[in-house]
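This report refers to the structure that appears directly beneath it.
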Amino acid sequence: MNVWVLGLVLALTAAAAVWTVVMIVRDQSPPSDPYFALLGVLALVLLGQVVGGLVALGATERDVDGITFVAYLFTALLVLPVGAGLALVERTRWGTGVLLVALITVAACEARLQSIWTAGG
Amino acid sequence: MASREQAPRPSIDELSSGPGRILVAVYGVFAVAATGRSLVQLGVDAEKAPLAYSLSLLAAVVYLAATTCLLLGGRRAWSAAVAACSVEAVGVLVVGTLSYLATDLFPDKTVWSHFGQGYGFLPLLLPFAGLAWLRHTSPSRLG
């Protein structure tokens, strides 16, 4: 598990989460284009994490719970597009709230990925 | 807040709109999480903790049912969603209590162990949020 990728994902997720809360408070929906650009960057990093994670899993000597690890890698990647889709369908504060749920899910996945990887050591 | 009061009461056909979207999102995440967990547990080592793993599968089915019902909307889906949320509420309370009192019953964790501690206690909160939303959209109140 690359610590730098993990840190980058968490930093971007935190930034997006703060932005989301601001939008919810201001009742601004649907989210602006710059916001979706940030989500796009996060999605690209998550895609990189999937690739990097799979490679690392293949190369490692550690006894990592592979199935669960891969499941979390893909969940973290896929939850954002689904959340963004829902936010565009529901153009209210609640739709934006879905994005917050998605971002918290990403953060939870990252925490699980890290603990699964560490537990394998 | 005046505009909010004048907003049309959510229809039973729109269980997944407005606040319902949040519920659908959270239920969807838990449906995926519980399904994934139970499939991995049952697939890898079903003998280790049959009761815990069966409960994981039950939780997965309940979450999937609740997600589907919210998405479908309508009177029958509403009733089914009430049933799903009730099973969920009972499940998390019973399993949560048992996981503290009868630890030997649960050699491995389920989604509902320790009132959903491994999932930020959301499994404890979710059925009641669901029931509150369903009460809000209740057909009898729509008249």
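Just a few scattered comments:
- Accessible area in the full protein assembly, largest first, 1.4 Å probe, for A:THR60, B:THR103, A:THR13: B:THR103, A:THR60, A:THR13
- Extension gain from A:LEU54 to A:VAL3, taking 0.36 nm per residue of separation minus the Cα-Cα distance: 16.9 nm
- Using a probe radius of 1.4 angstrom, the carbon and sulfur fraction of the accessible surface of chain B is 66%.
- Pairing chain A with chain B buries about 1200 Å² of accessible area. This figure sums both sides and uses a 1.4 Å probe.
- Threshold 50 Å², segment B:16-46 residues less accessible with all protein chains present than alone (1.4 Å probe): B:ARG21, B:ILE22, B:VAL29, B:VAL40
- Rg and Dmax of segment B:15-138, Cα atoms only, in Å: 14.3, 43
- Figure legend: label point modelled 7 angstrom from the Cα of B:ALA129 along Cα→Cβ; residues of segment B:9-31 with amide N under 20 Å from it are B:10-11, B:14-31.
- Length gained when the stretch B:LEU105-B:SER86 is fully extended (0.36 nm per residue, less Cα-Cα span): 4.5 nm
- Label-to-label distance, nm, for residues given as A:LEU78 and B:LEU51 (7 Å Cα→Cβ offset): 3.3 nm
- Size of charge dipole - segment B:67-143 - debye, nearest 20, with Cβ of Lys, Arg +1 and Asp, Glu -1, no other charges: 460 debye
- Taking the accessible area of chain A, probe 1.4 Å, and keeping the other protein chains in place, the carbon and sulfur fraction comes to 72%.
- Legend: residues in segment A:86-112 shielded by at least 40 square angstrom of accessible surface upon adding the remaining protein chains to the isolated chain (1.4 Å probe, heavy atoms) are A:LEU86, A:GLU90, A:TRP94, A:VAL98, A:VAL101, A:ARG112.
- Paramagnetic reach from A:LEU10 in segment A:91-120 [backbone N under 20 Å; point 7 Å along Cα→Cβ]: A:100-120
- In the context of the full set of protein chains, segment B:11-128 has a per residue accessible area of 45 Å² (1.4 Å probe).
- Diffusion constant of chain A at 20 °C, which comes from Stokes-Einstein with the Kirkwood Cα-pair radius and 1.002 mPa s, µm²/s: 146 µm²/s
- Once the partner protein chains are put back, segment A:33-70 shows a loss of at least 10 square angstrom of accessible area, versus the chain by itself, at A:ILE67, A:THR68 (probe 1.4 Å, ligands and nucleic acids excluded).
- Comparing mean-square fluctuations of B:ALA65, B:ALA46, B:ALA77 from a GNM of chain B with C-alpha springs under 10 Å, the top value falls on B:ALA46.
- Cβ-Cβ FRET estimate between B:SER79 and A:VAL89, R0 fixed at 25 Å, reported to 0.05: 0.50
The values are calculated or read from the model by the stated rules, or taken from the named source; none is laboratory data. Computed from a prediction, not measured in an experiment: that's the story for all the values here. Backbone-built Cβ (ideal geometry, glycine too); neighbour counts: all protein chains shown. Only protein heavy atoms, including side chains, enter the accessible area calculation; ligands, DNA and RNA are left aside. Shrake-Rupley method; radii C 1.70, N 1.55, O 1.52, S 1.80 Å.
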